[in-house]
């Protein structure tokens, strides 16, 4: 039973490490998307503030502005998706951590119970009875 609990605890710890690693990568990716969004927004603002000269010159700027606005929308959607994924991963990590802590407490309690039973057995407080005749047969 002890080995099973230890193996379970190690499994939960490995799972928790995996979830934390994914959360870290999502956060890093979100940071990159935010920087990209800021750069595109700044470029868009610069193009919008540029004084249009002739209509031939302003036409490409309008196309640039439209494409940049589309890219901003796309980046905002991606950022929202990544934020939701990061939030979900964080919730899973917290649940795994809580479960791991519960298993650790249960493991400690079982070790303590085992210790007390061994002490009682060695002191002779618990009589050894063989109610199952097949055990020694």
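Bear in mind these aren't lab numbers, they're just calculated from the coordinates by the rules spelled out. Every value quoted in this text rests on a predicted model; they were computed, and no experiment measured them. Glycine also receives a Cβ, built like all others from the backbone with ideal geometry; neighbour counts cover every protein chain displayed.
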- Most exposed to least, judged by fewest other Cβ atoms within 10 Å, 10, 30 sort to 10, 30
- In nm, what is the difference between 0.36 nm times the number of residues separating residue 73 and residue 25 and their Cα-Cα distance? 15.0 nm
- How do 81-90, 62-71 rank on mean C-beta neighbours within 10 Å, highest first? 81-90, 62-71
